[in-house]
Amino acid sequence: MALIRCDFWSEALEMSTSMTVLLPDGDSVDPPPVVYLLHGLTDDHTAWTRFSSVERYAEEHGVAVVMPSVDRSFYANETYGMRFWDFLSAELPERVGRFFRVSARREDTFVAGLSMGGYGALKWALREPERFAAAASLSGALDLAYIQEHDRRPHIRALVARVFADRIVAGGDEDLMHLVRVADPSSLPRLMLRCGSDDHLVAQNRRFVAACATAGVRVDAAFEPGDHTWEFWDGHLPAVLAWLLKR
């Protein structure tokens, strides 16, 4: 397994950025499947390799893993900032395909993330279902409309205001509940959700599961003992990768 830090110029962000990439040994004739693994609000592209055993898990499955950096953007185009959604959804896959030997087929492409990255993973899968075979969220911040309207923590309100300004999340394409309601269930990739029963985001995850049930969207969801910690995420990552990659 190769671990690569890739520094490159982003046209979407109009600045240099970085991603960490895990690549399996090149023994196979076919290019390996790829998982886009998204970080949380307080992390960057190095977090998964620093705090989990993702390299070992990826080697066991023979899968490439791409871990980009998106700052504290909620994987959105910021009103007063940078175009992180454009970077993630358009530029990043193009750069990955240009720089590395990985499969470009839908059946070999997956996305997952934790916390803010869990939201980003499901948003990407719901907005571009033709790109992915499966998507997974760990402890996702899945009800951004609720956060924008009801979260009273000053630092969160300031963050949401910086990213979205006067844009209303509810009912738009940043709102996972809305995306589920308008989705064609037959077109979606497989969806997975795991959240600790003691996690401060557990209510948001339960609301997302309820929204999926109402819309007829299947989601493999489970709530188990655990909190918003790397112990929970690293403990579940092997099963998440196995679920994503199953045929």
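For segment 44-57, check the following and say yes or no: at least one residue is in contact with a helix residue (DSSP H, G or I) (Cβ under 7 Å, 6 or more places away or on another chain), crowded, with 22+ Cβ neighbours inside 10 Å and under 27 Å from Leu201 (Cα atoms). Lay out the reasoning, then the answer.
Quick first cut of segment 44-57, residues in contact with a helix residue (DSSP H, G or I) (Cβ under 7 Å, 6 or more places away or on another chain) only: 48-49, 51-55, 57.
Those still in the list that are crowded, with 22+ Cβ neighbours inside 10 Å too: 48, 54.
Going one step further and asking which of them are under 27 Å from Leu201 (Cα atoms), we end up with 48, 54.
For segment 44-57, residues in contact with a helix residue (DSSP H, G or I) (Cβ under 7 Å, 6 or more places away or on another chain), crowded, with 22+ Cβ neighbours inside 10 Å and under 27 Å from Leu201 (Cα atoms): present.
Do you know which of the residues in segment 91-134 that are part of a helix (DSSP H, G or I) and among the small types (Gly, Ala, Ser) is nearest to Ala47 (Cα to Cα)? Can you show your working first?
Let us first name the residues in segment 91-134 that are part of a helix (DSSP H, G or I), namely 91-99, 106-108, 116-127, 129-131.
Now narrow it down to the ones that are among the small types (Gly, Ala, Ser): 97, 117-118, 120-121, 125.
Numbers: Gly97: 23, Gly117: 12, Gly118: 14, Gly120: 16, Ala121: 16, Ala125: 22 Å.
Among those that are part of a helix (DSSP H, G or I) and among the small types (Gly, Ala, Ser), it is Gly117.
Which of the residues spanning segment 44-81 are under 18 Å from the mean Cα position of the chain (by Cα) and in contact (Cβ under 8 Å) with a residue 60 or more places away in the chain? Give the derivation first.
Looking only at segment 44-81, we keep the residues that are under 18 Å from the mean Cα position of the chain (by Cα), and these are 44-55, 57-58, 63-78.
Hits for segment 44-81 are Phe51, Ser52, Ser53, Val54, Tyr57, Ala58, Val63, Arg72, Ser73, Phe74, Ala76, Glu78.
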Which one of these does Asn77 not meet: (1) polar (S, T, N, Q); (2) out of contact with any helix residue (DSSP H, G or I) (no Cβ under 9 Å at 6 or more places or on another chain); (3) surrounded by 14 or more Cβ atoms within 10 Å (Cβ to Cβ)? (2)
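Regarding segment 90-103, can at least one residue be identified that is farther than 30 Å from Pro24 by Cβ and not acidic (Asp, Glu)? Talk me through it step by step, then tell me what you get.
Applying the first criterion (farther than 30 Å from Pro24 by Cβ) to segment 90-103 yields none.
No; the residues of segment 90-103 include none that is farther than 30 Å from Pro24 by Cβ and not acidic (Asp, Glu).
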Out of Asp71, Asp44, I need the residue that is under 21 Å from Phe232 (Cβ atoms), in contact with an Asp or Glu (Cβ under 9 Å, 6 or more places away or on another chain) and charged (D, E, K, R). Which one? Asp44
Are any residues in segment 144-156 farther than 20 Å from Thr214 by Cα and in a helix (DSSP H, G or I), and if so, which ones? Ile147, Gln148, Glu149, His150, Pro154, His155, Ile156
Leu193 is checked against (1) assigned to a helix (DSSP H, G or I); (2) of a type in the set (A, V, I, L, M, F, W, C); (3) surrounded by 12 or more Cβ atoms within 10 Å (Cβ to Cβ) and fails just one. What number does that condition carry? (1)
Within the set of pairs 6 or more residues apart or between chains, which connect a residue that is farther than 15 Å from Ala136 by Cα and touching a residue at least 24 places away in the same chain (Cβ under 8 Å) inside segment 199-210 to a residue that is buried (at least 20 other Cβ atoms within 10 Å of the Cβ) and among the β-branched types (Val, Ile, Thr) with Cβ atoms less than 7 Å apart? none
When (1) in contact with an Asp or Glu (Cβ under 9 Å, 6 or more places away or on another chain); (2) under 16 Å from Pro32 (Cα atoms) are applied to Gly81, the one that fails is (2)
In segment 166-190, what count of residues is obtained for those that are assigned to a helix (DSSP H, G or I) and either closer than 17 Å to Glu78 by Cα or not β-branched (Val, Ile, Thr) (or both)? 8
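Is there a residue being in contact with a Leu (Cβ under 6 Å, 6 or more places away or on another chain) and either part of a helix (DSSP H, G or I) or at pLDDT 95 or above (or both) anywhere in segment 157-165?
First, pick out the residues of segment 157-165 that are in contact with a Leu (Cβ under 6 Å, 6 or more places away or on another chain): none.
Checked segment 157-165: no residue is in contact with a Leu (Cβ under 6 Å, 6 or more places away or on another chain) and either part of a helix (DSSP H, G or I) or at pLDDT 95 or above (or both).
Give the residue, chosen from Arg127, Arg95, Arg83, Arg105, that is surrounded by fewer than 22 Cβ atoms within 10 Å (Cβ to Cβ), in contact with a strand residue (DSSP E or B) (Cβ under 6 Å, 6 or more places away or on another chain) and modelled with pLDDT of 95 or more.
On the way: Arg127 fails: in contact with a strand residue (DSSP E or B) (Cβ under 6 Å, 6 or more places away or on another chain); Arg95 fails: in contact with a strand residue (DSSP E or B) (Cβ under 6 Å, 6 or more places away or on another chain); Arg105 fails: in contact with a strand residue (DSSP E or B) (Cβ under 6 Å, 6 or more places away or on another chain).
Result: Arg83 is the single residue among Arg127, Arg95, Arg83, Arg105 that is surrounded by fewer than 22 Cβ atoms within 10 Å (Cβ to Cβ), in contact with a strand residue (DSSP E or B) (Cβ under 6 Å, 6 or more places away or on another chain) and modelled with pLDDT of 95 or more.
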Report whether or not Ala141 is surrounded by 12 or more Cβ atoms within 10 Å (Cβ to Cβ), assigned to a loop (DSSP other than H, G, I, E, B), modelled with pLDDT of 95 or more and within 18 Å of the chain's Cα centre (by Cα). yes
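The values are calculated or read from the model by the stated rules, or taken from the named source; none is laboratory data. Just so it is clear, the structure is predicted and the values come from calculations on it, not from any experiment. Glycine also receives a Cβ, built like all others from the backbone with ideal geometry; neighbour counts cover every protein chain displayed.
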